[in-house]
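Report on one structure; see the data block that follows.
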Amino acid sequence: MNEIVDFNEIGQFVEQLRKKYPGCKIAFTNGCFDLIHRGHVAYLEAARQQADFLILGLNSDDSVRRLKGEERPYIDQDDRAFILSRLESVDVICIFEQDTPLELIKRIKPDLLIKGGDYDLNEIVGREVVEGLGGKVLTIPLIKGRSTTNIVKKIRQEY
């Protein structure tokens, strides 16, 4: 599918998706996905295996700056969205401006909320919303040593 959908249109988009594919299972994950690397790709592939469609909430540039610091993101939101939308595992991307994906989760109403294994289930934003709708929250183990922080550290040390 590989769609990039505006935040204000995502609710209607998901409704149409559910009408077109009755009974489909929709998974949601989110993140900054700055300096996309093997760990990101493996994580997204594993998340996609859990459902018929994977929607990725992508932090906007301003949101990334607030969360990660003024030097971030290294790659702007449009380029990150473009790259991620070309992955087979990602069906839909929606950029969000907020610091958390809670409002986006409320609009999507996913069947599954998926985060990396570095999150405790009780700390995952939107858990109450998804479980309240009868959905499930899952974590996926991360690939050890694969992170944007490690890549940046290596570049700074070696160059």
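Residue count for segment 13-49 satisfying the condition of being touching an Asp or Glu at 6+ places or on another chain (Cβ under 9 Å) and open to solvent by 30 Å² or more (accessible area, probe 1.4 Å): 6.
The set of residues in segment 50-67 that are out of contact with any Gly (no Cβ under 9 Å at 6 or more places or on another chain) and either open to solvent by 10 Å² or more (accessible area, probe 1.4 Å) or modelled with pLDDT under 95 (or both) comprises Q50, A51, F53, D61, D62, R65, R66, L67.
Just one residue in the set D78, D62, D99 is in contact with an Asp or Glu (Cβ under 8 Å, 6 or more places away or on another chain) and either under 22 Å from N8 (Cβ atoms) or in a helix (DSSP H, G or I) (or both); that residue is D62.
The C-beta contact set for segment 128-144 (first residue of a type in the set (S, T, Y), second residue at pLDDT below 95, distance under 6 angstrom, 6+ apart or interchain) comprises T139/G117; T139/Y119.
Considering only residues of segment 13-59 that are assigned to a helix (DSSP H, G or I) and of a type in the set (K, R), which is nearest to V129 (Cα to Cα)? If we take residues in segment 13-59 being assigned to a helix (DSSP H, G or I) and of a type in the set (K, R), then R18 is nearest to V129 (Cα to Cα).
L87 falls short on exactly one of the conditions (1) surrounded by fewer than 21 Cβ atoms within 10 Å (Cβ to Cβ); (2) in contact (Cβ under 8 Å) with a residue 40 or more places away in the chain; (3) in a helix (DSSP H, G or I), and that condition is (3). Taking segment 125-141 as the range and being of a type outside the set (G, A, S) and either open to solvent by 50 Å² or more (accessible area, probe 1.4 Å) or in a helix (DSSP H, G or I) (or both) as the test, the residues that pass are V125, R127, E128, V129, V130, E131, L133, K136, L138, T139, P141. Among the residues of segment 90-101, those identified as surrounded by 15 or more Cβ atoms within 10 Å (Cβ to Cβ) and either without any contact (Cβ under 8 Å) to a residue 60 or more places away in the chain or over 21 Å from L17 (Cα atoms) (or both) are Q98, T100.
The values are calculated or read from the model by the stated rules, or taken from the named source; none is laboratory data. Every value quoted in this text rests on a predicted model; they were computed, and no experiment measured them. Because the Cβ atoms are built from the backbone with ideal geometry, glycine has one as well, and the counts that use them run over all protein chains shown. The accessibility values were calculated without ligands, DNA or RNA, using every heavy atom of the protein model including side chains. Shrake-Rupley method; radii C 1.70, N 1.55, O 1.52, S 1.80 Å.
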